[in-house]
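Quick notes on the structure that follows.
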Amino acid sequence: MKLKSKRMKGAGICFVIMVFLVSVFSITAIDIDAAAGVTLNKTAVAVGTGEKFQLKADKSVSWKVSDSKIAAVSSGGLVTGKKTGAVTVTATAKDGKKAQCRVYVKKPPNKVWLPMYSLKVGIGETITLTSSVPSDSASASRVFRTSNSKVVSVINKNWTGKFQAKAEGTAYLTVRTYNGKEASCKITVKKATQYITLTKNNIDIEVGKTYTLGSGISQDSACSKRTYTSSDNSIVKMTRTDWVGTFKAVKQGVAYVTVRTYNGKTDKCRVNVVKTNWRSVYQSVIANTIRSNALFDSERSYYLLKDLDKDGIPELFISKINYNESRFTTVASFNRIYTAALNKPVMLYGENEFRSCGIYKDNSQIEFRGHIGSNTTKVYKKSGNELKPVFTAVDTELSNNQTKGLPMYSIGSMSVTRTEYYDIVCKYWRKDRLFASIDGYPVTFPVSDANVK
C-alpha cells in the first residue's frame with residue numbers, strides 16, 4: 001500500500017508540474033501575441049466612389065474612420081468610398097495596439113485597359129497581365145475571367161490577371177471593374193518552342209556603346225516570355241531583359257549574354273568589349289571609299305582587310321588598289337593604310353606611285369616596295385595593335401631624276417654600299433614573303449577575299 005501511495009503521490013506531482021508548465025507557456029504566448037501589435041491586409045488603398053473594400057486585421061479590433069463624409073467603415077472593416085478625398089482608417093485592438101490604412105477615394109473609372117490586345121503564348125507558359133485605369137479614378141476591385149478555361153486558366157482572378165496556357169487554341173482574358181468597365185485580350189496558345197536562336201552569336205562592341213539582341217523560335221510555336229542575362233555585369237550590363245536583350249558595354253573584356261525561354265531553351269552570344277571597335281571603323285571607311293571610287297571607271301578597286309596575328313582585330317587595312325593596264329599589269333598601287341592605332345588614313349605613298357605589297361608568313365611584318373623613281377622598300381612590324389616602321393631602304397640608282405649628292409644606296413638615314421644594301425634588303429626581301437598584286441604574282445588577298453568579313 002505504501003508503495004502504491006508513493007507512486008500515486010509521484011504521479012500527482014508530475015501532473016502539477018505539467019499543468020504549471022502549460023500555464024506558463026500559455027501566458028507567455030498570450031503576452032507575445034499581445035505585444036506584437038496589429039497587422040492589416042493593406043496599409044494604403046484607392047477605391048472609387050460607391051466601391052466597397054474589405055480591410056482585415058490579424059486579431060479582433062474596432063474600426064474608426066477619420067472623416068465619415070469621405071468614406072465609411074463598418075464594424076467588420078468594410079470600407080465604402082463616399083466622395084473624393086483621403087481618410088485614415090484606424091484599427092484598435094483591446095490592448096490599445098493600433099494599425100492604420102490610408103484610403104484614397106477617387107471617381108469611378110470611365111475605362112480600363114490591358115497592356116495588349118492580343119498575345120501569343122506557348123503551352124505551359126504563365127503570364128501576368130496588369131490592368132490600368134485613368135490616374136484620377138480608382139477601382140480596387142478588378143476581376144479577371146477566361147472565355148475558355150480548357151485553353152487558358154486564370155490563376156489570380158483579382159487585380160492582376162495571372163493565367164496559364166493549357167492547350168492549343170484561342171481564349172479571351174477579360175478584366176472588369178467594380179462599376180462594370182471591361183477590357184479583353186485575345187490569347188492564342190501554340191505548342192511550346194523547341195529552340196531559341198539569337199540574331200547574333202558573336203559581337204565586338206566598344207566601351208560605352210549599347211546593343212539590342214533579338215531572338216527567334218521554332219516554327220508554329222510561341223514563347224511570350226524570354227529572359228536575357230549577362231554572365232558578367234561588370235563587363236556587359238543588361239538594361240532590358242524581356243522579349244529583346246538590350247545591354248551596355250561597361251569595360252573591356254568578354255561576357256556572354258544568354259536568352260532563356262519559359263521552358264528552358266537557351267542560346268548564347270559572345271560579347272567582346274573593346275576600347276575601339278575597329279571592324280566597325282574599317283567597314284565605314286570601306287563604304288566611303290567605294291562611293292568615292294565610283295567616279296573612276298578606268299580603275300579597279302580592291303578593299304583589303306588583314307588580321308596579322310589572328311586576334312580578331314585587323315591591324316592592316318588598305319583602302320584602294322589602283323590598277324592600270326597601260327603601265328604595270330602586275331603591280332598594284334597602295335595609297336592608304338589604316339592600323340588599329342589610328343582612326344584615320346595614313347598616306348604612305350603618293351597617288352601616282354605604284355607599289356607592290358608583301359606580307360610575311362609569320363603574320364608579323366608587312367612590306368611595301370616602290371617601282372617608280374627611287375626603289376624604296378619599307379618594312380612595318382606589328383607592335384601591339386599598331387604597325388610600326390622598322391626598316392627603310394632606298395636604291396636611288398634606279399631613279400631617272402637623281403639629285404646630285406644623294407646617296408646611291410641608303411638604309412634608314414645611313415649611306416651604304418651596293419653590297420651592303422642588297423645584303424640587308426635581301427634579309428627582308430625573303431622568299432617566304434607573300435605578294436599582294438593583281439596578276440602575275442602569287443596573291444596575298446585573292447579578289448574573292450577582298451570583301452570585309
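The values are calculated or read from the model by the stated rules, or taken from the named source; none is laboratory data. Fair warning: this is a prediction, and the values are worked out from it, not measured in the lab. Glycine also receives a Cβ, built like all others from the backbone with ideal geometry; neighbour counts cover every protein chain displayed.
In the condition set (1) part of a strand (DSSP E or B); (2) under 27 Å from residue 181 (Cβ atoms), residue 99 is compliant with all but (2). Checking every residue in region 78-94 against the condition of being closer than 11 Å to residue 37 by Cα and free of Cβ contacts under 8 Å to residues at least 24 places away in the same chain gives zero matches. Take residue 111 and tell me if it is within 45 Å of the chain's Cα centre (by Cα), modelled with pLDDT of 95 or more and outside any strand (DSSP E or B). For residue 111, the condition - within 45 Å of the chain's Cα centre (by Cα), modelled with pLDDT of 95 or more and outside any strand (DSSP E or B) - is met.
Among the residues of region 135-163, those that are part of a loop (DSSP other than H, G, I, E, B), among the hydrophobic types (A, V, I, L, M, F, W, C) and either on the phi < 0 side of the Ramachandran plot or exposed (fewer than 14 other Cβ atoms within 10 Å of the Cβ) (or both) comprise 138, 140, 151.
Could we say that residue 72 is in a strand (DSSP E or B), under 23 Å from residue 110 (Cα atoms) and at pLDDT 95 or above here? No.
Counting the residues of region 61-92 that are over 48 Å from the mean Cα position of the chain (by Cα), basic (Lys, Arg) and under 23 Å from residue 178 (Cα atoms) gives 2.
Sort through 60, 139 and tell me the only one that's in contact (Cβ under 8 Å) with a residue 12 or more places away in the chain, in contact with a Gly (Cβ under 9 Å, 6 or more places away or on another chain) and outside the structural domain of residue 221 (by TED's automatic domain parsing). Of 60, 139, the one residue that is in contact (Cβ under 8 Å) with a residue 12 or more places away in the chain, in contact with a Gly (Cβ under 9 Å, 6 or more places away or on another chain) and outside the structural domain of residue 221 (by TED's automatic domain parsing) is 139.
Yes/no matrix, rows are residues, columns are (1) among the β-branched types (Val, Ile, Thr); (2) surrounded by 15 or more Cβ atoms within 10 Å (Cβ to Cβ):
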position: 60; (1), (2): no, no
position: 70; (1), (2): yes, yes
position: 78; (1), (2): no, no
position: 82; (1), (2): no, yes
position: 92; (1), (2): yes, yes
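Filter region 10-44 down to the residues that are surrounded by 14 or more Cβ atoms within 10 Å (Cβ to Cβ), modelled with pLDDT under 95 and of a type in the set (A, V, I, L, M, F, W, C), then identify the one that is nearest to the chain's Cα centre (by Cα). The extreme case among them is 38.
Quick grid of which residues meet (1) assigned to a strand (DSSP E or B); (2) outside the structural domain of residue 248 (by TED's automatic domain parsing); (3) more than 26 Å from residue 126 (Cβ to Cβ); (4) not hydrophobic (A, V, I, L, M, F, W, C):
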residue: 167; (1), (2), (3), (4): no, yes, no, no
residue: 170; (1), (2), (3), (4): yes, yes, no, yes
residue: 173; (1), (2), (3), (4): yes, yes, no, no
residue: 179; (1), (2), (3), (4): no, yes, yes, yes
residue: 186; (1), (2), (3), (4): yes, yes, no, yes
residue: 204; (1), (2), (3), (4): yes, no, yes, yes
residue: 211; (1), (2), (3), (4): yes, no, yes, yes
residue: 224; (1), (2), (3), (4): no, no, no, yes
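Look at residue 277 and say whether it is surrounded by 19 or more Cβ atoms within 10 Å (Cβ to Cβ) and at pLDDT 60 or above. It is true that residue 277 is surrounded by 19 or more Cβ atoms within 10 Å (Cβ to Cβ) and at pLDDT 60 or above.
Within region 143-190, how many residues turn out to be without any contact (Cβ under 8 Å) to a residue 60 or more places away in the chain, among the β-branched types (Val, Ile, Thr) and within 21 Å of residue 225 (Cα to Cα)? Of the residues in that region, 8 qualify.
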